[in-house]
Amino acid sequence: MQTDQDQRDKARVNLFPVDETNWRDVAKIEVETFQKNFVAQPLYYLALCNYGKIWHPIAICAESKIIGMLMWAKDDSDGSCWLGGITIDKQSQGFGYGRGAVLKAIDLLAEEHGFRQFALSYHPQNENVRELYRSLGFKPTGEMEDDEIVARLTIEE
Ligand SMILES: CC(C)(COP(=O)(O)OP(=O)(O)OC[C@H]1O[C@@H](n2cnc3c(N)ncnc32)[C@H](O)[C@@H]1OP(=O)(O)O)[C@@H](O)C(=O)NCCC(=O)NCCS
(Lines give C-alpha, C1' and ligand atoms only; values in the text may rest on other atoms or scores of the structure.)
Protein backbone atom coordinates (compact mmCIF):
# COMPACT_ATOMS: atom_id res chain seq x y z
CA MET A 1 0.00 0.00 0.00
CA GLN A 2 1.66 3.22 -1.14
CA THR A 3 1.31 6.48 0.75
CA ASP A 4 0.79 10.05 -0.52
CA GLN A 5 4.49 10.63 0.12
CA ASP A 6 5.30 7.63 -2.10
CA GLN A 7 3.17 9.09 -4.90
CA ARG A 8 4.83 12.50 -4.54
CA ASP A 9 8.34 11.01 -4.57
CA LYS A 10 7.52 8.92 -7.64
CA ALA A 11 6.09 11.87 -9.54
CA ARG A 12 9.39 13.76 -9.26
CA VAL A 13 11.48 11.25 -11.20
CA ASN A 14 11.41 9.56 -14.56
CA LEU A 15 13.19 6.37 -15.55
CA PHE A 16 14.69 5.65 -18.96
CA PRO A 17 16.68 2.77 -20.42
CA VAL A 18 20.36 3.62 -20.73
CA ASP A 19 21.15 3.99 -24.41
CA GLU A 20 23.45 5.75 -26.86
CA THR A 21 21.85 9.13 -26.09
CA ASN A 22 22.30 9.19 -22.32
CA TRP A 23 25.07 6.81 -21.22
CA ARG A 24 27.63 9.63 -21.04
CA ASP A 25 25.46 11.52 -18.55
CA VAL A 26 25.04 8.35 -16.49
CA ALA A 27 28.81 7.83 -16.50
CA LYS A 28 29.28 11.35 -15.06
CA ILE A 29 27.26 10.61 -11.90
CA GLU A 30 29.42 11.00 -8.83
CA VAL A 31 28.89 10.25 -5.14
CA GLU A 32 30.53 11.69 -2.02
CA THR A 33 33.98 10.30 -1.20
CA PHE A 34 32.78 8.28 1.82
CA GLN A 35 29.99 6.77 -0.29
CA LYS A 36 32.54 5.22 -2.66
CA ASN A 37 32.88 2.44 -0.06
CA PHE A 38 29.30 1.44 -0.75
CA VAL A 39 28.92 1.52 -4.53
CA ALA A 40 31.09 1.12 -7.62
CA GLN A 41 31.40 3.84 -10.24
CA PRO A 42 28.54 4.14 -12.73
CA LEU A 43 30.97 3.39 -15.55
CA TYR A 44 31.76 0.04 -13.92
CA TYR A 45 28.04 -0.73 -13.60
CA LEU A 46 27.46 0.17 -17.25
CA ALA A 47 30.25 -2.19 -18.29
CA LEU A 48 28.86 -4.90 -16.02
CA CYS A 49 25.45 -4.55 -17.65
CA ASN A 50 26.87 -4.49 -21.16
CA TYR A 51 29.33 -7.37 -20.88
CA GLY A 52 27.91 -9.42 -18.00
CA LYS A 53 24.50 -9.71 -19.71
CA ILE A 54 22.70 -10.20 -16.39
CA TRP A 55 22.02 -6.70 -15.13
CA HIS A 56 19.99 -4.04 -16.97
CA PRO A 57 20.73 -0.35 -16.40
CA ILE A 58 18.12 2.36 -15.87
CA ALA A 59 18.81 6.10 -15.93
CA ILE A 60 17.09 8.24 -13.30
CA CYS A 61 15.98 11.66 -14.50
CA ALA A 62 14.72 14.64 -12.49
CA GLU A 63 14.25 18.27 -13.49
CA SER A 64 15.07 17.32 -17.09
CA LYS A 65 18.50 15.91 -16.39
CA ILE A 66 20.06 12.58 -15.55
CA ILE A 67 20.72 12.52 -11.82
CA GLY A 68 21.24 8.85 -11.08
CA MET A 69 21.10 5.23 -12.11
CA LEU A 70 20.08 1.81 -10.90
CA MET A 71 20.19 -1.69 -12.33
CA TRP A 72 17.94 -4.72 -12.17
CA ALA A 73 18.40 -8.44 -12.77
CA LYS A 74 16.21 -11.53 -12.59
CA ASP A 75 17.25 -14.30 -10.20
CA ASP A 76 16.29 -17.41 -12.15
CA SER A 77 16.46 -19.58 -9.04
CA ASP A 78 13.37 -18.00 -7.47
CA GLY A 79 12.05 -15.49 -10.02
CA SER A 80 12.81 -12.48 -7.87
CA CYS A 81 14.04 -9.17 -9.20
CA TRP A 82 17.27 -7.79 -7.75
CA LEU A 83 17.88 -4.06 -7.67
CA GLY A 84 21.48 -2.86 -7.52
CA GLY A 85 23.86 0.02 -8.14
CA ILE A 86 21.31 2.53 -6.87
CA THR A 87 23.14 5.81 -7.13
CA ILE A 88 22.06 9.45 -7.02
CA ASP A 89 24.58 12.15 -7.91
CA LYS A 90 25.92 13.97 -4.85
CA GLN A 91 24.40 17.28 -6.04
CA SER A 92 20.92 15.73 -6.15
CA GLN A 93 20.88 13.66 -2.96
CA GLY A 94 18.42 14.35 -0.15
CA PHE A 95 15.52 15.53 -2.33
CA GLY A 96 13.56 12.28 -2.37
CA TYR A 97 14.83 11.24 -5.80
CA GLY A 98 16.39 7.99 -4.60
CA ARG A 99 13.18 6.99 -2.88
CA GLY A 100 11.06 7.97 -5.87
CA ALA A 101 13.33 6.09 -8.26
CA VAL A 102 13.20 2.83 -6.30
CA LEU A 103 9.42 3.05 -5.97
CA LYS A 104 9.01 3.82 -9.65
CA ALA A 105 11.39 1.02 -10.66
CA ILE A 106 9.35 -1.47 -8.63
CA ASP A 107 6.13 -0.30 -10.35
CA LEU A 108 7.74 -0.46 -13.78
CA LEU A 109 9.36 -3.87 -13.31
CA ALA A 110 6.20 -5.33 -11.83
CA GLU A 111 4.15 -4.03 -14.73
CA GLU A 112 6.53 -4.85 -17.58
CA HIS A 113 8.01 -8.12 -16.30
CA GLY A 114 5.46 -9.36 -13.76
CA PHE A 115 7.86 -9.35 -10.81
CA ARG A 116 6.28 -9.60 -7.36
CA GLN A 117 9.37 -10.28 -5.29
CA PHE A 118 12.21 -7.80 -5.07
CA ALA A 119 15.59 -8.07 -3.39
CA LEU A 120 18.57 -5.84 -2.81
CA SER A 121 21.63 -5.73 -0.63
CA TYR A 122 23.51 -3.02 1.21
CA HIS A 123 26.70 -2.56 3.17
CA PRO A 124 26.12 -2.91 6.94
CA GLN A 125 27.67 0.55 7.51
CA ASN A 126 25.49 2.26 4.90
CA GLU A 127 23.03 3.55 7.47
CA ASN A 128 21.21 5.99 5.19
CA VAL A 129 20.14 3.31 2.77
CA ARG A 130 19.08 0.95 5.52
CA GLU A 131 16.47 3.53 6.55
CA LEU A 132 15.53 4.27 2.96
CA TYR A 133 14.92 0.60 2.12
CA ARG A 134 13.12 -0.04 5.41
CA SER A 135 10.75 2.84 4.62
CA LEU A 136 9.97 1.16 1.30
CA GLY A 137 9.08 -2.13 2.98
CA PHE A 138 12.29 -4.09 2.36
CA LYS A 139 13.03 -6.38 5.28
CA PRO A 140 16.42 -7.94 6.08
CA THR A 141 16.15 -11.73 5.76
CA GLY A 142 19.33 -12.78 7.56
CA GLU A 143 20.95 -13.66 4.22
CA MET A 144 24.25 -12.04 3.25
CA GLU A 145 25.56 -11.46 -0.28
CA ASP A 146 29.23 -10.50 -0.66
CA ASP A 147 29.33 -9.11 2.92
CA GLU A 148 26.14 -7.13 2.32
CA ILE A 149 22.82 -7.44 4.13
CA VAL A 150 20.06 -8.82 1.89
CA ALA A 151 16.57 -7.32 2.23
CA ARG A 152 13.46 -8.45 0.39
CA LEU A 153 10.05 -7.08 -0.47
CA THR A 154 6.97 -8.86 -1.81
CA ILE A 155 4.34 -6.66 -3.42
CA GLU A 156 0.64 -7.37 -3.75
CA GLU A 157 -0.78 -8.87 -6.96
C1 LIG B 1 21.30 6.10 -1.09
C2 LIG B 1 20.88 7.14 -2.13
C3 LIG B 1 20.59 6.43 -3.44
C4 LIG B 1 19.61 7.80 -1.60
O5 LIG B 1 19.17 8.74 -2.58
P6 LIG B 1 18.63 10.18 -2.13
O7 LIG B 1 17.95 10.76 -3.29
O8 LIG B 1 19.74 10.94 -1.52
O9 LIG B 1 17.62 9.75 -0.97
P10 LIG B 1 16.22 10.42 -0.67
O11 LIG B 1 16.34 11.89 -0.67
O12 LIG B 1 15.21 9.80 -1.56
O13 LIG B 1 16.02 9.94 0.83
C14 LIG B 1 15.28 8.80 1.12
C15 LIG B 1 15.55 8.38 2.54
O16 LIG B 1 16.90 7.93 2.67
C17 LIG B 1 17.36 8.26 3.96
N18 LIG B 1 18.46 9.22 3.78
C19 LIG B 1 18.91 9.75 2.64
N20 LIG B 1 19.97 10.56 2.86
C21 LIG B 1 20.19 10.53 4.18
C22 LIG B 1 21.15 11.14 5.04
N23 LIG B 1 22.13 11.94 4.59
N24 LIG B 1 21.09 10.85 6.36
C25 LIG B 1 20.12 10.04 6.84
N26 LIG B 1 19.19 9.44 6.07
C27 LIG B 1 19.21 9.67 4.76
C28 LIG B 1 16.21 8.85 4.70
O29 LIG B 1 15.47 7.81 5.30
C30 LIG B 1 15.40 9.46 3.60
O31 LIG B 1 14.06 9.61 3.90
P32 LIG B 1 13.53 10.99 4.57
O33 LIG B 1 13.97 12.08 3.65
O34 LIG B 1 12.07 10.79 4.63
O35 LIG B 1 14.20 11.07 5.90
C36 LIG B 1 21.98 8.22 -2.32
O37 LIG B 1 22.25 8.83 -1.09
C38 LIG B 1 23.27 7.66 -2.89
O39 LIG B 1 23.45 7.62 -4.11
N40 LIG B 1 24.19 7.22 -2.01
C41 LIG B 1 25.48 6.70 -2.43
C42 LIG B 1 25.35 5.38 -3.14
C43 LIG B 1 24.71 4.30 -2.29
O44 LIG B 1 25.08 4.06 -1.14
N45 LIG B 1 23.75 3.59 -2.90
C46 LIG B 1 23.05 2.49 -2.27
C47 LIG B 1 23.75 1.21 -2.48
S48 LIG B 1 22.91 -0.15 -1.67
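Full extension of the segment from residue 76 to residue 112, taken as 0.36 nm per residue of separation minus the current Cα-Cα distance, would add 11.3 nm. Looking at segment 9-118, the GluC sites (Glu not before Pro) that sit in a DSSP loop and have at most 15 other Cβ atoms within 10 Å of their own Cβ are 20, 30, 32, 63. Candidates 100, 119, 151 compared by Cα position along the dipole of segment 48-157: farthest toward the positive end lies 100, with charges placed on Cβ. For segment 34-157, give the percent of accessible area contributed by carbon and sulfur heavy atoms, probe 1.4 Å, rounded to a whole number. With neighbouring chains kept in place, the figure for segment 34-157 is 48 percent. Each Lys and Arg Cβ is given +1 and each Asp and Glu Cβ -1; about its Cα centre, segment 50-133 then shows a dipole of about 180 debye. Take the Cα of residue 28, step 7 Å toward its Cβ, do the same at residue 56, and the gap between the two points is 2.7 nm. Antiparallel beta bridges, as assigned by DSSP with both residues in the chain, represent about 95 percent of the total such bridges. Each of 49, 69, 142 was scored by the projection of its Cα onto the charge dipole of the chain, and the greatest displacement toward the positive side belongs to 69; charges sit on the C-beta of Lys, Arg, Asp and Glu. Counting lysine pairs in segment 46-128 that sit 8 or more residues apart in sequence, or on different chains, and whose Cα atoms lie under 24 Å apart gives 6.
Considering only protein heavy atoms, what per residue accessible area in square angstrom results for segment 50-157 with a 1.4 angstrom probe? Provide the component values of the computation, followed by the final result.
Working: 5840 Å² over 108 residues.
Each residue of segment 50-157 exposes 54 Å² on average to a 1.4 Å probe.
Charges were assigned to the Cβ only: +1 to each Lys and Arg, -1 to each Asp and Glu. The resulting dipole of the chain about its Cα centre is roughly 360 debye. Considering only 110, 59, 101, the Gaussian network model of the chain with Cα springs below 10 Å gives its largest mean-square fluctuation to 110.
Report the Stokes-Einstein translational diffusion coefficient (µm² s⁻¹, integer) for segment 24-157, Rh taken as the Kirkwood radius over Cα pairs, at 25 °C with viscosity 0.890 mPa s.
Working: Rh = 15.1 Å.
After rounding, the answer is 162 µm²/s.
Summarising the label geometry, the points placed 7 Å from Cα in the beta-carbon direction at residue 134 and residue 11 lie 2.8 nm from one another.
The values are calculated or read from the model by the stated rules, or taken from the named source; none is laboratory data. As the structure is a prediction and not an experimental result, all values here were calculated from the model. Ideal geometry is used to build each Cβ from the backbone, glycine not excepted, and the neighbour counts take in all protein chains shown. With ligands, DNA and RNA removed, areas are computed over all heavy atoms of the protein, side chains included. Shrake-Rupley method; radii C 1.70, N 1.55, O 1.52, S 1.80 Å.
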